Structures are given as structure tokens and as C-alpha cells.
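Written below as C-alpha cells is the structure these notes are about.
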Amino acid sequence: MQIIENLKVKEKVYIEKLDNGLTVMIIPKRGIQKKYMIWGTNYGSNESSFVVPGEQEVTTVPNGVAHFLEHKLFEQENGTNSLDVLTALGVEANAYTTNDHTAYLFECTDNFYEAMDELMDYVQHPYFTDENVEKEKGIIGQEIMMYDDYPEWRVYLNAMQAMYHHNPVKIDIVGTIETIGKIDKEILYKCYHTFYNPSNMTMVICGDFEPEAILEELKKRLVDTKASGEIKRIYQEEPEGIVQEKIEQNLEVSQPLYAIGIKDSGKTDVKKHIAMEILLNLIIGRSSNLYKELYNEGIIYAQPSLDYEFTKIYSHVLITGQSNEPEKVYEKFKQEVNRLKVEGINEDDFERMKKMIYGGYVKEYNDVTDISRMFLADSFKGINSFDYLEEIKGITSKYLEQILKDVFKEEKMVISIVKNEKK
């Protein structure tokens with residue numbers, strides 16, 4: 001196995017690419033009781049048009065298939081539900097779908113190998129019938145209607161729709177009532193066999209394990225499958241500009257919610273991601289002048305959430321929070337960005353924030369859950385998670401100022417607001 005070590009956090013990751021194409025990452029944590037296993041496929045809601053390896057024609061499927069598949073994999077031919085089986089073993093199990101990947105996971109202190117048996121069984125043995133697919137449409141339909149009335153989700157999705165013309169990040173991960181109505185077992189099987197091939201998947205195991213021994217255990221449980229060729233993923237070309245600057249929606253909320261977005265069309269790497277985290281905290285983080293001003297004036301009451309989201313096909317800034325005057329937060333944010341562009345970044349503030357961000361990276365290695373999910377998500381972006389600990393050393397205030405000018409452009413900014421018109 002390839003061994004990558006980081007001396008700063010005293011961690012090693014053992015990486016093995018098996019003959020069937022599956023990438024296995026094992027992170028030993030000596031003396032830790034908790035064990036974690038996550039198995040993901042590089043397949044999320046972004047993929048609705050693709051060319052199956054060995055075929056010539058483009059396959060187009062309805063939105064929401066990746067999430068639908070995630071739901072259906074738990075149901076077994078013998079009538080059991082694997083989530084119930086795992087719960088009965090005393091392990092915490094779950095699954096999730098994002099824009100670029102789907103993952104199945106569990107964490108436990110006991111019964112690890114029994115849980116491993118179950119997870120690897122249901123992920124490798126899909127069971128779809130006309131009846132169980134139709135039944136699932138009703139369940140997911142209820143989930144869709146719930147999210148339609150969920151203010152935090154609406155303010156996020158509306159921001160995506162204000163920023164993006166065609167990029168699939170603007171589409172709800174779960175699909176719509178109309179799109180899931182078009183899903184049948186044939187579509188599910190085709191997407192499963194295309195995207196759940198081991199060569200498109202990564203497994204991460206973290207806990208007190210001997211890497212070679214746990215690797216042999218999982219090999220015993222793998223179905224004999226050959227690696228497939230590359231899946232050609234097809235996306236509509238995205239214009240650089242935004243769709244509209246402001247979008248509002250009325251829902252039952254006690255206080256307006258806002259999401260400030262900045263569309264970024266440049267290529268993202270680890271260095272840029274770190275710079276964005278430092279910049280966002282300098283501009284409107286808890287210790288920033290802008291946050292103190294907004295807080296003291298009663299415009300905001302808590303630090304907003306600060307995110308830089310990216311995959312291989314999109315990247316954007318997202319600042320979300322609550323305020324009785326969301327437009328004022330937006331205007332003050334733009335003013336602070338312009339001030340920093342003119343005056344430059346204070347070196348002392350920069351060094352302090354850089355240390356804080358580095359401390360956050362180190363802290364993630366204390367928990368098997370954080371480590372495993374981080375390595376899985378980064379692997380699908382072509383990133384080694386250890387790179388964040390190394391790259392942060394080379395970040396300078398001059399580099400931040402360049403990113404500030406390149407990314408934080410007013411013509412790329414949007415604001416999404418959800419408020420209660422009755423109030």
C-alpha cells in the first residue's frame with residue numbers, strides 16, 4: 001500500500017487501489033474505541049447526462065436519481081431494511097447524497113465486522129421492483145414537499161438559482177415531484193451499474209486497525225466485478241455572469257434569512273480554498289470589524305455561516321444567516337470588501353486568522369467521523385486532505401489580496417432572502 005504521512009498531526013493514510021478499481025483509504029487511530037467506515041461513489045445530483053463506458057449514445061435521466069438510489073439500496077430482497085439491521089447491531093448508520101457524491105456509512109465501538117458485512121452486502125446487491133420503486137416515490141415526494149417549506153433550504157437553493165444559469169448545482173438534490181415520477185427500475189439499474197462500479201468508488205476506514213488485516217477483510221466481502229472505463233459526464237456550458245442579483249421568497253419565519261453568494265468561475269485548488277476561508281473570516285468572521293459593527297447595531301445577532309463550496313464543475317462563496325435587515329448586511333459586506341481592496345489586508349489580522357484556520361484543520365483529526373468524511377469528499381475532488389496542512393504555510397497576505405480582487409466582484413454577487421411578509 002501507498003503510505004502518506006503527515007508529521008504535524010502524526011497521522012498516516014494507507015491507500016490501495018484494488019484490481020477492480022476500488023480505492024481504499026485506511027487511517028489507523030491507535031487506542032481509539034470508535035470505528036468508522038464510509039463507502040462512497042463519485043455520483044451525485046450533478047449527473048443527469050452521461051455516456052456509459054462502452055456505449056456511444058448519451059443517456060439522460062430525470063433529476064433526483066442519485067438520491068432515489070441512495071434510498072432504495074437499503075431495501076433487500078429478503079424483505080429486510082439494512083438500516084434496521086445495522087441499528088439492531090447497535091451501530092449508528094446513515095447515508096447521504098450531495099452534488100458530486102453519494103455515501104453509505106456507519107460508526108460503532110462494537111460489532112464492526114457484522115456491520116461491515118451488512119453495509120458491503122446492501123451496497124453491492126441492489127433490489128429494485130416496479131412495486132418498491134412506486135412506493136418510494138410517495139416517500140420521497142413527502143420529503144420534497146417538506147423541503148419546499150424549509151426556509152434554510154429555500155434560501156440556499158434560491159441563491160444557487162440566482163447565480164447559475166445551467167449548472168446542475170442549481171437543481172434540488174432530491175429532484176421534483178415531476179422528475180421522480182419518471183424514475184423506474186430500469187433507470188435505477190442503469191445508473192447503479194454505471195456509477196457504482198468499484199472503479200468509480202472510494203472506501204475510507206478509520207479506527208484502531210492493522211491496515212493489511214482490514215484490507216484483507218474487506219476483500220473477502222467484495223463481489224467479483226471488473227473495473228469499467230471512464231464515464232463521460234456531460235454538462236451544459238455555464239455563462240460567467242449571474243442570473244439575477246436579488247431573489248426573495250415569503251415563508252413562515254420569525255426573522256428574515258439571507259444568503260449572500262459570489263459566483264466564482266476560476267479553477268479551485270487547495271491553496272485557493274484556504275485563502276477563501278481566511279478571507280471570509282477576515283471580512284465578516286466573529287473577530288472582524290464588520291461583524292462587531294453589525295452586531296453592535298443589532299443588525300445581526302450571531303456569526304453567519306461562511307462557506308466556499310466547490311467541485312470540479314463549480315465554485316462559489318456562500319454567507320448565510322439571519323437579520324431583520326438583510327439588505328443592509330449585503331451593502332455593508334460589499335463596502336467592507338471594497339475597503340479591503342483599497343487599503344489592503346492588515347498583516348497582524350492575517351497572521352492571527354491564518355493560525356485560527358490552521359488550528360481548525362488540526363482539530364478535525366481528533367475525530368474519526370471528521371477524518372473519514374473529509375478524506376472521502378476530498379478524494380472525489382482529486383485532493384489529498386493532508387495538503388491543507390502543508391499548503392497553508394505558503395499563503396501570504398499578497399496572495400489573499402489577489403484572490404480578493406479576482407473573486408469578490410460585485411457583478412458576481414447575489415443575495416437570496418426568505419422573509420415573512422406578514423411581519
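The values are calculated or read from the model by the stated rules, or taken from the named source; none is laboratory data. This structure is a prediction, so every number in the text was calculated from the model and none was measured. Methodologically, a virtual Cβ is constructed for each residue, glycine included, from the backbone with ideal geometry; neighbour enumeration extends over all protein chains shown. With ligands, DNA and RNA removed, areas are computed over all heavy atoms of the protein, side chains included. Shrake-Rupley method; radii C 1.70, N 1.55, O 1.52, S 1.80 Å.
So which GluC sites (Glu not before Pro) in the range 346-423 pass both tests, a DSSP loop state and at most 13 other Cβ atoms within 10 Å of the Cβ? Could you put the intermediate results ahead of the total?
Values: sites: GLU347, GLU351, GLU364, GLU390, GLU391, GLU401, GLU410, GLU411, GLU421; in loops: GLU421.
Here the sparse-neighbourhood loop sites are GLU421.
Measuring between alpha carbons in the structure, the pairs from LYS182/LYS419; LYS355/LYS412; LYS292/LYS354; LYS8/LYS334 lying more than 27 angstrom apart are LYS182/LYS419; LYS355/LYS412; LYS8/LYS334. Charge dipole of the chain (Cα centre as origin; +1 on each Lys and Arg Cβ, -1 on each Asp and Glu Cβ, all else neutral): 1240 debye, rounded to the nearest 20.
Once you have a ≥ b ≥ c as the square roots of the Cα gyration tensor eigenvalues for the range 330-423, tell me rounded if a/c is under 1.5, and otherwise prolate or oblate according to whether a/b is larger than b/c. Can you show the working numbers first?
Values: a/c = 2.11, a/b = 1.29, b/c = 1.63.
Oblate shape, in that a/c is at least 1.5 and b/c is the bigger or equal ratio.
Legend: distances between Cα atoms for LYS137/LYS312; LYS135/LYS312; LYS12/LYS341; pairs beyond 32 Å are LYS135/LYS312; LYS12/LYS341. Within the full protein context, the accessible area of ILE139 is estimated at about 80 Å² for a probe radius of 1.4 Å. To test your reading of the geometry: what angle, between 0 and 90 degrees and rounded to tens, separates the Cα axis of helix 347-363 from the longest principal axis of the chain? The answer is roughly 20 degrees. Farthest toward the positive end of the dipole of the chain, out of ASN289, PHE380, GLY54, is the Cα of ASN289, where the dipole comes from beta carbon charges about the Cα centre.
Sort TRP39, TRP153 by accessible area with a 1.4 Å probe, largest first. Write down the numbers at each step before the final one.
On the way: TRP39 5, TRP153 50 Å².
These residues rank, largest area first, as TRP153, TRP39.
The GluC sites (Glu not before Pro) of the range 283-312 that meet both conditions, a loop assignment by DSSP and at most 15 other Cβ atoms within 10 Å of the site Cβ, are GLU297.
Of the residues GLN236, ALA259, ALA275, the one whose Cα sits farthest toward the positive end of the charge dipole of the range 211-280, with +1 on the Cβ of Lys and Arg and -1 on the Cβ of Asp and Glu, is GLN236.
Surface listing: ARG352, ARG286 arranged by accessible area from highest to lowest gives ARG286, ARG352, probe 1.4 Å.
Using only DSSP helix segments of four residues or longer, with each worth -39500 (n - 2.57), what per-residue ellipticity at 222 nm results for the chain after dividing by its residue count and rounding to 500? It would help to have the intermediate numbers written out before the result.
Working: 15 runs with 172 residues, N = 423.
Result for the chain, helices only: -12500 deg cm²/dmol.
HIS125 contributes about 90 Å² of solvent-accessible surface, heavy atoms of the protein only, 1.4 Å probe. Cα gyration tensor of the range 88-133, axes a ≥ b ≥ c as square roots of the eigenvalues: rounded (a/c below 1.5), prolate (a/b > b/c) or oblate? Since a/c reaches 1.5 but b/c is at least a/b, the shape of the range 88-133 is classed as oblate.
Ignoring ligands, DNA and RNA, what percent of the 1.4 Å accessible area of the range 290-380 is carbon and sulfur? Intermediate results must be reported in sequence, preceding the final value.
Details: 1970 of 4310 Å².
Result for the range 290-380: 46 percent of the exposed heavy-atom area is carbon or sulfur.
Couplings 3J(HN,Hα) for the range 307-316, derived from phi with the Karplus relation 6.51 cos²θ - 1.76 cosθ + 1.60 (θ = phi - 60°), are 9, 10, 9, 7, 9, 6, 10, 7, 7, 7 Hz, where x marks Gly and Pro. The HN-Hα couplings worked out from phi for the range 60-65 by the Karplus form 6.51 cos²θ - 1.76 cosθ + 1.60 (θ = phi - 60°) are 10, 10, x, 5, x, 5 Hz, whole numbers, x standing for Gly and Pro.
Once the Cα atoms are used to define both axes, helix 211-220 deviates from the longest principal axis of the chain by about 60 degrees.
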